[in-house]
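Asks: Sending over a structure as structure tokens; questions will come in a sec.
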Amino acid sequence: MLSFPGARLTLALSAEPWRGFSGEGQALRALMRMDDERAVSQVRAQLNWQSVLDTGALATTLGLTASSVEDSLRILGASGLVGFDVAQGRYFHRVLPFDLSSVEDMHPRLADARELMVQGAVRVVNASPIDAEVQSGGTVHSVREIDGELRCTCPWYAKHQGERGPCKHVLAVEATAASPAPTESAP
């Protein structure tokens, strides 16, 4: 990082340029847990080339939770509309020449995780620490929480060890575990 009066240049290198700027899985998690799609639109409407986006102020202005604003900013970041300043630890508005309609298409693990949930393939055995089984492709994968991190027995996790974001099984388990349990109706 080079700092000059009124300017700063930060050079970020990626081990693999095709990874893009999704935050190594943070955008996947944000997309998976986003339960109020209006929040992304509301946050996007507040973008006006700010050099610093204050998450708390946006949450107050919009009447949203700070975590919903954070998730919205991560999604907008994956869309090329928001950047993250690593020196300040804050988001800023920017626009990259990016096809916004393709964001979800760029994340096949997200689509696969949602499909697993639709199929009812996730069974949470224990809620805390999380212990779950996911039926996928004729195999039952175990997803377990170890030292605060969800780990999976699938080949994706074995290869990447969480460094490339969560596998589809972990995403599905996180979303299932975060969903309120269905209530039984009285006869």
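The values are calculated or read from the model by the stated rules, or taken from the named source; none is laboratory data. Since this is a predicted model, take the numbers as computed values, not measurements. All Cβ positions, glycine included, derive from the backbone under ideal geometry; neighbour counts span all protein chains shown.
Asks: Taking the range 34-77 on its own, how many of its residues are closer than 23 Å to Ser179 by Cα and basic (Lys, Arg)?
Replies: Count: 2.
To keep it simple, each residue is scored yes or no on (1) modelled with pLDDT of 90 or more; (2) more than 18 Å from Ile75 (Cβ to Cβ).
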residue	(1), (2)
Arg109	no, no
Leu116	yes, yes
Val125	yes, yes
Ser128	no, yes
Asp131	yes, yes
His169	yes, yes
Ser185	no, yes
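Asks: Within the range 36-79, how many residues are under 20 Å from the mean Cα position of the chain (by Cα) and assigned to a helix (DSSP H, G or I)?
Replies: 25
Asks: Moving to a separate point now. Determine the pairs where a residue that is farther than 18 Å from Ala66 by Cβ, located within the range 38-55, has a partner that is at pLDDT 90 or above and not in a helix (DSSP H, G or I) with Cβ atoms under 6 Å apart, the partner being 6 or more residues away or on another chain.
Replies: Trp49/His93; Ser51/Phe92
Asks: Another one. Can you find a residue in the range 66-80 that is modelled with pLDDT of 90 or more and surrounded by fewer than 17 Cβ atoms within 10 Å (Cβ to Cβ)?
Replies: yes
Asks: Restricting to the range 171-183, name every residue that is of a type outside the set (Ser, Thr, Tyr) and either modelled with pLDDT under 55 or more than 18 Å from Asn126 (Cβ to Cβ) (or both). First the steps, then the outcome.
Replies: Residues of the range 171-183 that are of a type outside the set (Ser, Thr, Tyr), as a first pass: 171-175, 177-178, 180-182.
If the condition is that a residue be of a type outside the set (Ser, Thr, Tyr) and either modelled with pLDDT under 55 or more than 18 Å from Asn126 (Cβ to Cβ) (or both), then Leu171, Pro182 are the ones that fit.
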